[in-house]
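The next block holds one structure in the form of structure tokens; read it before the comments.
The values are calculated or read from the model by the stated rules, or taken from the named source; none is laboratory data. Small disclaimer: the values here were computed from a predicted structure and weren't measured. Note: ideal-geometry Cβ built from the backbone for every residue, glycine included; neighbour counts use all protein chains shown. Side chains are part of the model used for accessible areas, which takes the heavy atoms of the whole protein and leaves out ligands, DNA and RNA. Shrake-Rupley method; radii C 1.70, N 1.55, O 1.52, S 1.80 Å.
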Protein chains: 2
Amino acid sequence: MNITIKKDRLIHSVNESLRAVASKTPLPILTTLKLFVSDQGLTVTGSDSDITIESFVPVEEEENQIIEINSLGEICLNARIFSEIIRKLPSDTIKIEVKDNFQTIIKSGKSEFKINGLDAINYPRLPSLENSKSYQLPTDLLKTIIRQTVYAVSTSETRPILTGVNWRVENEQLICGATDSHRLSKKTISFESSENINIIIPGKSLDEFSKLLSDDNEVVEISFTPNQILFKAKNILFYSRLLEGNYPDIERLIPIDRSTSLKLNTKDLLHAIDRASILARENRSNTVKLMTTVGSIEISSNTPEVGDVVEDVQLVQMNGDEVTISFNAKYMMDALKTVEGDEVEIHFTGTMRPFVLNGENDETLIQLILPVRTV
Amino acid sequence: MNITIKKDRLIHSVNESLRAVASKTPLPILTTLKLFVSDQGLTVTGSDSDITIESFVPVEEEENQIIEINSLGEICLNARIFSEIIRKLPSDTIKIEVKDNFQTIIKSGKSEFKINGLDAINYPRLPSLENSKSYQLPTDLLKTIIRQTVYAVSTSETRPILTGVNWRVENEQLICGATDSHRLSKKTISFESSENINIIIPGKSLDEFSKLLSDDNEVVEISFTPNQILFKAKNILFYSRLLEGNYPDIERLIPIDRSTSLKLNTKDLLHAIDRASILARENRSNTVKLMTTVGSIEISSNTPEVGDVVEDVQLVQMNGDEVTISFNAKYMMDALKTVEGDEVEIHFTGTMRPFVLNGENDETLIQLILPVRTV
């Protein structure tokens, strides 16, 4: 392998693939980035074995030459050291040449590095997804459904399956569900597919992929095998393993009957809870109380050692009975941050029953929170 | 105490004083900020007992009212909680009122906090520096001399005195010296004073004060007692304890004879060492080698497990013998970053003798580095 490549493009690709590289791993090869040069260009691969990111730099783009290839080949280089070297090199172009024993010369301006590489033959192979069916989603919609669900996954490994987001396709709908058993989020979009799909994608993978997705991608192509999913965007392939097991039926957790419905300005409510939480956090449980009053609701928190706080939030509309209920402030804020539109509807069925949030007249995103029992 | 104050000004002052508040302290009162209201305005004080910062908000400024005072007084409030509350309050003005038992009402818009305060009578008193002589320094000059010396103080408590910067005034000169016994920095400026001064200011204090100093201060007033220094800038008082003991005579450490003198472009050298250090750091000692060649110098590093690097930096000028010397890359970079002007001079007296750096024709800043013995 022997190439000369534009520095900024190499840095960009290395930064993308670096996101997947494990900082701690028993497998030394996973601390490296694999560089693979074909006639088409350079592929930089990083992996922690759960997530694999392949970032591609084409030889030419819009009639500008990006890579000059002198010989093809591949090499694995320590990810942390290689990425720091290329960021700091003095010239706009970088020459990379693999010599005997995987020694790799990196040259730029008057700087010359000789790095010990590893044989790329030992780098983990990726599953082939070439024969799998593929689907397309607009980038902004994909980012939205990830953002609206991934916050609700469990961070505990007690029930590993709950660390993932369930994607279920049936009746021309994609239903994305996440729950950590204290709250849940369910997003529904229309989705054309002749087959039924039911997979569980690790929340961490969705999060990482979402961060990688730049806005100049119009669509993302999605395909999967029973245990892998592949997201394909411009110059990037993102692989993630899938979680195995049966995801709980979240549908039956969502109450249908409603004894009280409130409509409130989303931001006003969010900020009031954020402030009440300053004191509520001091008692660890981060519990705030919501109480309907005349024309408004009161958000309050009382932590005897520190003090108390009362917030007044104007009601836009209220139907049904008066309600007093306590809940975890963080769960409520997480949910409110993903609601679209200026107003939020909250539906209660009782002080000790889960309550439901959705944007005004928008049932495509349903969020549920379990209340906290207070004395 | 009962005031209504503009939110942005209160936040600004609280942020300044908060820098001094200890995160961990056995004294609960030092986790608070003291608010003190006089006819002139509000003084916010934070302290970790080494450093004390008093930030002042005047009642009126440029004919704009900033504080409406209903009653004078003082109170101590938990610093972390108070600062978070005021940052998140909804309205542009904040009302603060101290009630019975130091309970403090904080009101803004439809938000109302009631916080348990502490009696300000228990807050540590500051030393009086009113009768001390005071000196003035231009703000930018003060920031420069701090930046050029404080990096060289010791971070180890083995010899506590070396964690400070020595300020010595004699013969109308202020000489600032810092050393961690591996390298040293000495900055000299002219300074009018009828008395000789010799104090040691903790490096951490200088660092903190420098960060506080905004560019709209023209001069800083400096006064001290035998164990305290006070920096006075616009609306801010910064107190620091001084270190006690005798600072070593750094003058005698600086070699006068020179066997080799190099002149180099500062940035070229800095960047070359920065790159060589990527590999040098891998062997913990972070040692790089400098070797003169024809018309240039070679910076190199060799870490067998990782690889090696050779950098070529063009010489602007060289006098004396060829030289090969090894040193800690970080020490060299720290020194080079504080050199003013485009070019740096380096003077050697032998492979195992300390070498000296200074800006081109500029002996007001002298920096010394001990070489590393290599086999």
**Message:** Given the criterion of a type in the set (Asp, Glu), open to solvent by 10 Å² or more (accessible area, probe 1.4 Å) and either out of contact with any helix residue (DSSP H, G or I) (no Cβ under 9 Å at 6 or more places or on another chain) or away from chain B (no Cβ under 14 Å) (or both), identify the matching residue among A:54, A:84.
**Reply:** A:54
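Can you list the strands (runs of 3 or more DSSP E) found entirely within the stretch A:145-192 that contain at least 2 residues being without any contact (Cβ under 8 Å) to a residue 60 or more places away in the chain and among the aliphatic types (A, V, I, L, M)? Lay out the reasoning, then the answer.
Numbers: elements: A:164-170, A:173-179, A:183-190.
Per the criteria, A:164-170, A:173-179.
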**Complete:** A careful count of residues in the stretch B:13-25 that are in contact with a strand residue (DSSP E or B) (Cβ under 8 Å, 6 or more places away or on another chain), assigned to a helix (DSSP H, G or I) and either open to solvent by 40 Å² or more (accessible area, probe 1.4 Å) or among the small types (Gly, Ala, Ser) (or both) gives 3
**Message:** Just the residues that are open to solvent by 70 Å² or more (accessible area, probe 1.4 Å), in a strand (DSSP E or B) and at the interface with chain A (Cβ under 8 Å from one of its Cβ atoms), please, taken from the stretch B:92-113.
**Reply:** B:112
**Asked** Does the stretch A:59-72 contain at least one residue that is at pLDDT 95 or above, of a type outside the set (A, V, I, L, M) and under 29 Å from residue A:22 (Cβ atoms)?
**Response** no
**Prompt:** Restricting the search to the stretch A:199-257, which residues are under 29 Å from residue A:182 (Cβ atoms), of a type outside the set (A, V, I, L, M, F, W, C) and surrounded by 20 or more Cβ atoms within 10 Å (Cβ to Cβ)?
**Reply:** A:202, A:203, A:205, A:240
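Quick one: would you say residue A:141 is surrounded by fewer than 17 Cβ atoms within 10 Å (Cβ to Cβ) and either assigned to a helix (DSSP H, G or I) or of a type outside the set (Val, Ile, Thr) (or both)?
On the way: surrounded by fewer than 17 Cβ atoms within 10 Å (Cβ to Cβ): yes; either assigned to a helix (DSSP H, G or I) or of a type outside the set (Val, Ile, Thr) (or both): yes.
Yes; evaluated as a whole, the condition is true for this residue.
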**Request:** Answer yes if at least one residue in the stretch B:39-48 is touching a Phe, Trp or Tyr at 6+ places or on another chain (Cβ under 6 Å) and under 22 Å from residue A:282 (Cα atoms), and no otherwise.
**Result:** no
**Entirely in the stretch B:26-79, the strands (runs of 3 or more DSSP E) that have 1 or more residues that are touching a residue at least 12 places away in the same chain (Cβ under 8 Å) and touching a Pro at 6+ places or on another chain (Cβ under 6 Å)** = B:41-47
**Request:** Filter the stretch A:252-288 down to the residues that are without any contact (Cβ under 8 Å) to a residue 12 or more places away in the chain and not basic (Lys, Arg), then identify the one that is nearest to the other protein chains (Cβ to nearest Cβ).
**Result:** A:271
**Fill in**
The correct count of residues that are of a type in the set (A, V, I, L, M) and within 11 Å of residue B:221 (Cβ to Cβ) in the stretch B:129-146 is 3
**Request:** Please work out which residue is nearest to the other protein chains (Cβ to nearest Cβ), limiting yourself to the stretch A:65-81 and to residues that are open to solvent by 50 Å² or more (accessible area, probe 1.4 Å) and more than 30 Å from the chain's Cα centre (by Cα).
**Result:** A:74
**Prompt:** Restricting the stretch B:32-51 to residues that are among the aliphatic types (A, V, I, L, M) and touching a Leu at 6+ places or on another chain (Cβ under 9 Å), which is farthest from residue B:201 (Cα to Cα)?
**Reply:** B:37
**the stretch A:305-329, residues that are of a type outside the set (Gly, Ala, Ser), buried (at least 16 other Cβ atoms within 10 Å of the Cβ) and closer than 23 Å to residue A:280 by Cα** = A:306, A:308, A:309, A:310, A:311, A:312, A:313, A:323, A:325, A:327, A:328
**Message:** Among the numbered criteria (1) surrounded by 14 or more Cβ atoms within 10 Å (Cβ to Cβ); (2) at pLDDT below 95; (3) farther than 17 Å from residue B:327 by Cα, which one does residue B:280 miss?
**Reply:** (3)
**Message:** Taking the condition of being within 19 Å of residue B:105 (Cα to Cα), aliphatic (A, V, I, L, M) and either away from every other protein chain (no Cβ under 12 Å) or outside any strand (DSSP E or B) (or both), how many residues in the stretch A:289-316 meet it?
**Reply:** 1
**Given (1) in contact (Cβ under 8 Å) with a residue 60 or more places away in the chain; (2) within 30 Å of residue B:370 (Cβ to Cβ), number of the condition residue B:218 does not satisfy** = (2)
**Prompt:** Can you tell me which residues in the stretch A:114-135 are in a loop (DSSP other than H, G, I, E, B), more than 14 Å from chain B (Cβ to nearest Cβ) and not acidic (Asp, Glu)?
**Reply:** A:123, A:124, A:125, A:126, A:127, A:128, A:129, A:131, A:132, A:133
